[in-house]
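Values quoted throughout were computed directly from the atomic coordinates according to the rules given, and no laboratory measurement underlies them. Bear in mind that the values here come from a model prediction, so they are computed numbers and not experimental data. Because the Cβ atoms are built from the backbone with ideal geometry, glycine has one as well, and the counts that use them run over all protein chains shown.
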Amino acid sequence: MNYIPLIIILVLILIIVLAVIGVLVYLRQKTRELSRSLFGTEDITKAAEQMRQDYATTPKSVSAMTSLLLPKIVSDFPDFQYDEMKERANNVLTGYLQAVTAANASLMKDGNTELKQQLADHIQMRSVQDTREHFDGVRIHRTEINQYRKTGGRCIITFQSSLECTHYITDSDQQIIDGTKAYKYQTKYNTDLIYIQDRSLVENELDNALGVNCPNCGAPLTSLGAKTCEYCGTPVIEINIHAWSFSNIEEVN
């Protein structure tokens, strides 16, 4: 009986098996080398855990346009107080997230009617879904001006904030269905600060407290940064904290 063909087949199978083993060993070695060079460890599980830790502790970068846009804003509004407004933006954002966590819209004190309605709608949506969204330990890393635009009768300054918190969603049984308590959540939010430049151009305006009116005749001051009433000529001193109002908050990628 001729065993030569069988021996040849077995040898070929052995060669293929050894080649596959060799490739696997090579790939494993390369993976370890890559893991060691990137993360200082050959353990892929530890490397993945380190990646997650790094992601959880590295703040998001913001699109900082403050140095470019602030001179334009101050040119339009000489009395604009940047540090004051940035602090207010941080407080509004923190208050918004705390109100969502507590499912209580009344906890947010600043902001116009539009923003308060946005908050109420968000809380109502969670209530309908029978879930609660949690933002615990909110910490703002950095806030900068991101945009300055004039549209629809409004002047809008957008502050962008990089923040971290513990973010998760629970069901009616207080069980976490999304997110985690184990790691910090790094994200960014935009907060809009608006000035009503011309109320006649603003559509769907909900907040009558926005903008500046003449203290003598009550007429709206439609000119940007106007210091006198165009109807009766009465001098007007603009009070920034009342003229500006926060109107929108949204998470950005």
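Taking first residues from segment 123-134 that are free of Cβ contacts under 8 Å to residues at least 60 places away in the same chain and partners that are of a type in the set (Phe, Trp, Tyr), the Cβ contacts under 7 Å between residues at least 6 apart in sequence or on separate chains come to His134/Tyr168.
Yes/no matrix, rows are residues, columns are (1) over 24 Å from Asp54 (Cα atoms); (2) buried (at least 17 other Cβ atoms within 10 Å of the Cβ); (3) hydroxyl-bearing (Ser, Thr, Tyr); (4) out of contact with any Pro (no Cβ under 6 Å at 6 or more places or on another chain):
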| site | (1), (2), (3), (4) |
| --- | --- |
| Arg88 | yes, yes, no, yes |
| Lys109 | yes, no, no, yes |
| Gln117 | yes, no, no, yes |
| Arg132 | yes, yes, no, yes |
| Asp136 | no, no, no, yes |
| Lys184 | no, yes, no, yes |
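Taken over segment 94-122, the criterion of being in contact (Cβ under 8 Å) with a residue 40 or more places away in the chain, acidic (Asp, Glu) and part of a helix (DSSP H, G or I) is satisfied by Glu114 alone. Give me the residue from segment 159-177 that is surrounded by fewer than 18 Cβ atoms within 10 Å (Cβ to Cβ) and out of contact with any Asp or Glu (no Cβ under 9 Å at 6 or more places or on another chain) and, out of that set, nearest to Glu250 (Cα to Cα). By that ranking, first place goes to Ile176.
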